[in-house]
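The values are calculated or read from the model by the stated rules, or taken from the named source; none is laboratory data. Remember, predicted model here, so these are calculated numbers, not experimental data. Please note: Cβ atoms are built from the backbone with ideal geometry, for glycine as well, and neighbour counts cover all protein chains shown.
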């Protein structure tokens, strides 16, 4: 994560024409839409939203198990026995999906979901 943060800082400095020792953390959110710490969670939620709405790829969609109470629109976290699978995009996506408020999960359009999801991760 540190290498990614350093690379992002270099990109921000290049885009905004800043010197090497200028602080850039406040400008990262302008480029990414949310802080770098929440970017993975945001992108995994977008991936899961597309998976739920398009049912594609079918192999991953079949692994999604809705929670009994359909009111919350939560998913059951897939069983994982290894640390690698537990940190995969799919499993982390389900965990992050369950953190979202219900009104965000119920957004049908991709643009509406993306905007509401950004607002949630920026306020988190």
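Identify the residue in the stretch 63-74 that is surrounded by 13 or more Cβ atoms within 10 Å (Cβ to Cβ) and under 15 Å from residue 103 (Cα atoms) and, among all such residues, is farthest from the chain's Cα centre (by Cα).
Among those that are surrounded by 13 or more Cβ atoms within 10 Å (Cβ to Cβ) and under 15 Å from residue 103 (Cα atoms), it is 72.
Here is a list: 98, 53. Which entry is surrounded by 13 or more Cβ atoms within 10 Å (Cβ to Cβ), out of contact with any helix residue (DSSP H, G or I) (no Cβ under 7 Å at 6 or more places or on another chain) and closer than 18 Å to residue 40 by Cα?
The conditions single out 98.
Does residue 81 meet the test of being more than 15 Å from the chain's Cα centre (by Cα), crowded, with 18+ Cβ neighbours inside 10 Å and not assigned by TED's automatic domain parsing to the domain that holds residue 13?
In short, no.
Exactly one of these conditions fails for residue 78: (1) part of a loop (DSSP other than H, G, I, E, B); (2) over 16 Å from residue 52 (Cβ atoms). Give me its number.
(2)
Taking residue 27 as the residue in question, decide whether it is over 17 Å from the mean Cα position of the chain (by Cα), modelled with pLDDT under 95 and within 24 Å of residue 113 (Cα to Cα).
Spelling it out, residue 27 is indeed over 17 Å from the mean Cα position of the chain (by Cα), modelled with pLDDT under 95 and within 24 Å of residue 113 (Cα to Cα).
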